[in-house]
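I have placed the structure first, in the form of structure tokens, so that the comments after it can refer back to it.
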Amino acid sequence: MENVDGRKPTKLEMLTANSNIQAFISLASTAESKDTVPAYSVSAETSNAPLTIAFSDAPTSPFSKLELVASTANGKTDVTLHPTYEGTIFQTSSWISPQLVENRETEDPSGQGRHRSISQRSAGSVVDAKVWWGKAENKENWGKVEVATSLSQNIVTLQ
């Protein structure tokens with residue numbers, strides 16, 4: 001997905017039923033200004049099937065803003081976020097407690113040596129989290145990830 005102007009997000013919508021969604025997404029920006037924050041909006045919905053989404057590439061200078069809404073029913077969700085992701089993560093599953101998995105070996109993708117922080121609350125079938133690099137204050141372009149399923153696993157991995 002390519003974003004030219006951070007004011008208007010580049011959109012991808014995937015919708016099916018009784019069939020899996022498997023998407024490997026690369027985020028790119030051709031913005032001429034380093035002050036432009038690339039923005040992306042991804043929506044994925046299926047039922048009675050698994051949903052797998054992995055973000056393999058993303059802009060690093062500046063980081064991009066990602067909004068993802070992904071859901072299935074009666075199927076496993078498995079979402080992998082690029083290391084540059086900063087923002088909120090909200091996961092639900094009606095049967096199995098959702099899992100937020102962090103790759104602790106990941107270094108700051110900006111090369112500034114910052115530490116990745118995660119603030120997470122888990123209660124039964126819900127995970128509500130926020131992830132960021134460096135200091136949390138002065139973050140203007142938080143992303144938003146919402147992943148939901150029923151009767152199956154819900155896994156979000158922070159690469």
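Put a plus charge on the Cβ of each Lys and Arg, a minus charge on the Cβ of each Asp and Glu, and nothing anywhere else: the dipole of the chain about its Cα centre is then about 280 debye. On the beta carbon distance between Thr30 and Glu140, with R0 = 22 Å, the FRET formula returns roughly 0.55. Close Lys pairs in the range 2-158 (alpha-carbon distance under 23 Å; sequence gap of 8 or more, or different chains): 22. Loop sites here are trypsin sites (Lys or Arg not before Pro) outside DSSP states H, G, I, E and B with no more than 11 other Cβ atoms within 10 Å. The longest part of the chain free of them is 35-103.
The modelled label-to-label distance for the pair Glu105/Leu151, using points 7 Å beyond Cα in the direction of Cβ, is 3.7 nm. Distance between the pseudo-spin-label points of Gln22 and Ala54 (7 Å out from Cα toward the beta carbon): 1.0 nm. Extension gain for the segment Ser61 to Asn74, taken as residue separation times 0.36 nm less the Cα-Cα distance, is 0.8 nm to one decimal. Say a site is exposed when it is one of the GluC sites (Glu not before Pro), sits in a DSSP loop, and has at most 14 other Cβ atoms within 10 Å; what is then the longest site-free stretch of the chain? Longest run free of exposed loop sites: 33-104.
One chain, two ends: Lys11 and Ser94. Fully extended at 0.36 nm per residue, the span grows by 27.0 nm beyond their Cα-Cα distance. As a size descriptor, the averaged projected area of the C-alpha convex hull of the chain was calculated at 8.6 nm².
The fewest-to-most ranking of Ile155, Ile118 by surrounding Cβ atoms within 10 Å reads Ile118, Ile155. A simple rule links phi to the HN-Hα coupling: the Karplus curve 6.51 cos²θ - 1.76 cosθ + 1.60 with θ = phi - 60°, which for the range 109-118 gives x, 7, x, 8, x, 6, 9, 8, 10, 9 Hz, with x for Gly and Pro.
Laboratory data are not the source of any read-out in this text; all were calculated from the coordinates shown. As the structure is a prediction and not an experimental result, all values here were calculated from the model. Here Cβ is always computed from backbone atoms with ideal geometry, including for glycine, and neighbour counts include all displayed protein chains.
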